Amino acid sequence: MPTDLLQIVESTTLDTETISSRTAQIHANVLSKSRYIHVPNFTKIHPDDLALLFAEYDGWFFGGQVKETLGAIPLRFRLSKRMTSSGGKTARCTDRSTGRVWYEITASATMLFGCFTGEDHRPITNSGITCRDRLDALQRVMEHEVVHLIEMLLWGKSSCSQPRFHSITLRFFGHTQNRHTLITPKERAFVKFGIRPGAKVRFRLDGIEHTGVVNRVSKRATVLVEDHRGQRYSDGKLYRKFYVPVQMLETVGQGVD
Ligand SMILES: [Zn+2]
């Protein structure tokens with residue numbers, strides 16, 4: 001019955017010690033139960049690990065009532081390589097032809113594997129909590145996503161910019177913020193290589209040197225190179241577009257400060 005979950009969600013406030021002992025227990029359980037995650041800074045992960053993590057959180061924090069409330073509705077887990085600015089996502093999905101509904105929790109593999117590489121230029125915090133390792137960061141992602149799922153189940157919609165969400169994540173997990181600050185590929189590109197939109201750059205491709213301007217940075221940088229065979233852009237000039245790994249770019253002149 002959804003009322004049980006509602007009651008738990010509305011009436012629980014955990015103290016700091018309870019939160020840290022439960023999250024430490026989950027950390028240990030994932031390390032011992034997972035077929036892929038054997039060390040805190042794991043280098044392999046499988047969607048099954050997200051299912052495992054979800055089950056741990058549901059069990060330790062919500063008495064298994066999230067799964068209970070889902071009933072026969074499937075909950076699927078995905079790892080994304082394309083999510084490059086947020087750590088996770090929760091969605092309610094509907095199959096257009098059959099009308100069947102399921103929920104889906106996605107975690108960004110790109111974001112996780114980009115952090116705790118030994119080359120981070122700042123501590124990683126997530127939801128206002130400093131994360132000690134990659135698994136710890138993944139736990140913050142799951143804590144955030146599980147609350148999205150709970151709100152969707154109980155109230156039909158969810159928003160992490162609203163007070164209700166903040167209240168739940170604070171009372172259950174001690175989150176003081178609801179924005180992740182994992183290091184995005186964009187931030188890393190700037191700090192490590194000085195690459196940011198507007199920077200003038202040089203790179204070699206198939207033995208040819210190109211000079212252009214960075215238009216966008218995600219996993220790779222989009223570089224526009226003036227070329228008469230290119231496409232016309234809003235400044236009236238013709239450009240060819242290249243997707244280049246940031247480490248292949250060299251900044252030119254004083255384009256970056
Ligand atoms: Zn959110």
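Yes/no per residue for (1) assigned by TED's automatic domain parsing to the domain that holds MET142; (2) more than 16 Å from the ligand (Cβ to nearest atom); (3) over 22 Å from the mean Cα position of the chain (by Cα); (4) open to solvent by 60 Å² or more (accessible area, probe 1.4 Å):
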residue: ARG196; (1), (2), (3), (4): no, yes, no, yes
residue: LYS200; (1), (2), (3), (4): no, yes, yes, yes
residue: ASP206; (1), (2), (3), (4): no, yes, yes, yes
residue: GLY212; (1), (2), (3), (4): no, yes, yes, no
residue: VAL225; (1), (2), (3), (4): no, yes, yes, no
residue: HIS228; (1), (2), (3), (4): no, yes, yes, yes
residue: GLY236; (1), (2), (3), (4): no, yes, yes, no
residue: LYS241; (1), (2), (3), (4): no, yes, yes, yes
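Could you say whether any residue in region 103-110 is loosely packed, with under 15 Cβ neighbours inside 10 Å, in contact (Cβ under 8 Å) with a residue 12 or more places away in the chain and not in a strand (DSSP E or B)? No: zero hits. When GLU145 is tested against (1) buried (at least 21 other Cβ atoms within 10 Å of the Cβ); (2) away from the ligand (no atom under 15 Å from the Cβ); (3) outside any loop (DSSP other than H, G, I, E, B), exactly one condition is not met: (2). Please go through region 160-178 and give me each residue that is within 12 Å of the ligand (Cβ to nearest atom) and without any contact (Cβ under 8 Å) to a residue 24 or more places away in the chain, ordered by number. CYS160, SER161, GLN162, PHE165, HIS166, listed by residue number.
From the set of residues in region 113-142 that are among the small types (Gly, Ala, Ser) and part of a helix (DSSP H, G or I), which is nearest to the ligand (Cβ to nearest atom)?
Looking only at region 113-142, we keep the residues that are among the small types (Gly, Ala, Ser), and these are 114, 118, 127-128, 137.
Keeping just the survivors that are part of a helix (DSSP H, G or I) gives 114, 137.
Values: GLY114: 19, ALA137: 15 Å.
Checking each candidate, the answer is ALA137.
Return the residues of region 79-97 that are assigned to a strand (DSSP E or B) and away from the ligand (no atom under 16 Å from the Cβ); say none if nothing qualifies. Selection gives LEU79, CYS93, THR94.
Tallying residues that are in contact (Cβ under 8 Å) with a residue 60 or more places away in the chain, assigned to a loop (DSSP other than H, G, I, E, B) and open to solvent by less than 40 Å² (accessible area, probe 1.4 Å) within region 7-66 yields 5.
With respect to the conditions (1) open to solvent by 30 Å² or more (accessible area, probe 1.4 Å); (2) touching a residue at least 40 places away in the same chain (Cβ under 8 Å); (3) not in a helix (DSSP H, G or I), LYS157 lacks only one, and its number is (2).
Count of region 67-80 residues, restricted to those that are open to solvent by 50 Å² or more (accessible area, probe 1.4 Å) and under 18 Å from the mean Cα position of the chain (by Cα), is 2.
What residue, of ILE124, ILE105, ILE129, is assigned by TED's automatic domain parsing to the domain that holds SER158, within 12 Å of the chain's Cα centre (by Cα) and under 28 Å from THR16 (Cα atoms)? Before you say what the answer is, go through the steps one by one.
Working: ILE124 fails: within 12 Å of the chain's Cα centre (by Cα); ILE129 fails: within 12 Å of the chain's Cα centre (by Cα).
Answer to the check: ILE105.
On the basis of being surrounded by fewer than 23 Cβ atoms within 10 Å (Cβ to Cβ) and farther than 21 Å from LYS44 by Cα, does THR98 make the cut? Considered against the rule, which asks whether it is surrounded by fewer than 23 Cβ atoms within 10 Å (Cβ to Cβ) and farther than 21 Å from LYS44 by Cα, THR98 comes out as yes.
Within the option set THR130, THR125, being buried (at least 16 other Cβ atoms within 10 Å of the Cβ) and not basic (Lys, Arg) holds for one residue only, THR125.
The values are calculated or read from the model by the stated rules, or taken from the named source; none is laboratory data. From a predicted model like this one, the values you see are computed outputs, not experimental measurements. Positions of Cβ are generated from backbone atoms using ideal geometry, with glycine treated the same way; all protein chains shown enter the neighbour counts. The protein model used for the area step is the full one, side chains on, heavy atoms only, and it has no ligands, DNA or RNA in it. Shrake-Rupley method; radii C 1.70, N 1.55, O 1.52, S 1.80 Å.
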